[in-house]
Amino acid sequence: MSNIEVYRVTGDSPRWQKIAYDYIRLDSFVVGQGIPVELEFGHDGPEDDIHAVILLKEHKPVSGCRIAYHGGPKNGYAKIERVATVREQQRTGIGARMIAEAEKWIKENGYHHVLITSQDRSVGFYNAIGYETRSDEVYAQYFPEEAAQKKERVVEIAKERAEGKAGPLSFTCVLVEKYL
Ligand SMILES: CC(C)(COP(=O)(O)OP(=O)(O)OC[C@H]1O[C@@H](n2cnc3c(N)ncnc32)[C@H](O)[C@@H]1OP(=O)(O)O)[C@@H](O)C(=O)NCCC(=O)NCCS
């Protein structure tokens, strides 16, 4: 894959790299999936704490994710979040390359256990790149609040679908896991 640049974005990275990641999220989630912009960005932590990976293709931002570390390297895990590829580059292999770059950075930080809470409609992507799908019981062990909310959402979404009212937020999350 030619003309690809990889950047590791942290608090003191140049502002354009943070804008590049926000652009990827805007294109993929907000415009592409119809996620309300205030929901997509409204829960972000302080910009100084960011650990994100972005890929540029011919100087244009195309794919990115961010990483949150929980616990220490030995017994903790890295959670990969907000994984996105811009619409015009989806299904070209760039997301797989981007996650491989995130995994490389995670390993350099001494972590070997990666968790991702995937949108149900994107699980196939993670399975294609070596992540195993875990049960809702395992999901609840790591993320009890989210798993409890999921139980309620499953019922609501079934109703939304039955009434023809399914919208951009009519999805649930599934835990996927990989040991590096
Ligand atoms: C999901 C997403 C990040 C994948 O990125 P991408 O750059 O399109 O993925 P790639 O082209 O690298 O795909 C790698 C593999 O996963 C498969 N794949 C990609 N998206 C898939 C999906 N939604 N369902 C099933 N398989 C998928 C590809 O076919 C490919 O497999 P192959 O190598 O056997 O052909 C991207 O489609 C996206 O941004 N979607 C909208 C936002 C989103 O859903 N983000 C994830 C939230 S958890």
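A few comments on the model shown:
- Test result for GLY130, surrounded by 12 or more Cβ atoms within 10 Å (Cβ to Cβ), small (Gly, Ala, Ser) and modelled with pLDDT of 95 or more: yes
- Scanning segment 79-98 for residues that are near the ligand (Cβ under 8 Å from one of its atoms), under 20 Å from ASP44 (Cα atoms) and either buried (at least 21 other Cβ atoms within 10 Å of the Cβ) or of a type in the set (Val, Ile, Thr) (or both) yields a count of 4.
- Meets criteria (within 8 Å of the ligand (Cβ to nearest atom), surrounded by 13 or more Cβ atoms within 10 Å (Cβ to Cβ) and of a type in the set (A, V, I, L, M)) for VAL123: yes
- Selection within segment 41-78 - within 22 Å of TYR139 (Cα to Cα) and within 13 Å of the ligand (Cβ to nearest atom): CYS65, ARG66
- Long-range neighbours under 7 Å by Cβ, at least six apart or interchain, first residue farther than 9 Å from VAL86 by Cα and more than 10 Å from the ligand (Cβ to nearest atom) within segment 16-35, second at pLDDT below 95 and assigned to a helix (DSSP H, G or I): LYS18/GLU47
- Looking across segment 1-56, the residues that are under 16 Å from the mean Cα position of the chain (by Cα), in a loop (DSSP other than H, G, I, E, B) and more than 27 Å from THR92 (Cα to Cα) come down to HIS43, ASP44, GLY45.
The values are calculated or read from the model by the stated rules, or taken from the named source; none is laboratory data. In this text the structure is predicted, and so the values were computed from the model without any measurement. Note that we place each Cβ from the backbone using ideal geometry, even for glycine, and neighbour counts take in every protein chain shown.
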